[in-house]
Amino acid sequence: MAGAIFLLLALGLALSFEFVNGFHDTANAVATVIYTHTLKPTYAVVWSGCWNLIGVLVSSGAVAFSVVSLLPVELVINVGSGAGFAMVFALLISAIVWNLGPGTWGSQRRVPTP
């Protein structure tokens, strides 16, 4: 029962990371076309979302497999153990904090509108 709860918690954290990362990446991707008035904001966000979905559907996952290959093998094999869950939670929480913290938001500067 505890394993199922941890698995659901990990899934919730992964979805939270994807949400935070998604709106952050979309903002960066559409900033230029919105600023130059090439597209209206609504169209730019929808266009970006569609292409992000297409990118996920046609990708090979090579980057994800490269990242996983850097992790300790014993933790990847025993991901259902306490140490495995701790590793997954640490990775997800640190990625969320990095996306919301000064690592990415702090590096963005507000550009004055013309």
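Some points to look at:
- Translational D in µm²/s for segment 1-68 (Stokes-Einstein at 25 °C, 0.890 mPa s, Kirkwood Rh from C-alpha pairs): 173
- The accessible area of L7, taken with all protein chains in place and a 1.4 Å probe, comes to roughly 110 Å².
- The label point for L71 and the one for T32, both projected 7 Å from the Cα toward the Cβ, are 3.4 nm apart.
- Taking each residue as 0.36 nm, the span from F23 to V58 lengthens on full extension beyond its C-alpha to C-alpha distance by 10.5 nm.
The values are calculated or read from the model by the stated rules, or taken from the named source; none is laboratory data. Owing to the predicted nature of the structure, the values given are computational and were not obtained by experimental measurement. Every residue, glycine among them, receives a Cβ derived from its backbone with ideal geometry; neighbour counts consider all protein chains shown. The area values use the complete protein model at the heavy-atom level, side chains included, leaving out ligands, DNA and RNA. Shrake-Rupley method; radii C 1.70, N 1.55, O 1.52, S 1.80 Å.
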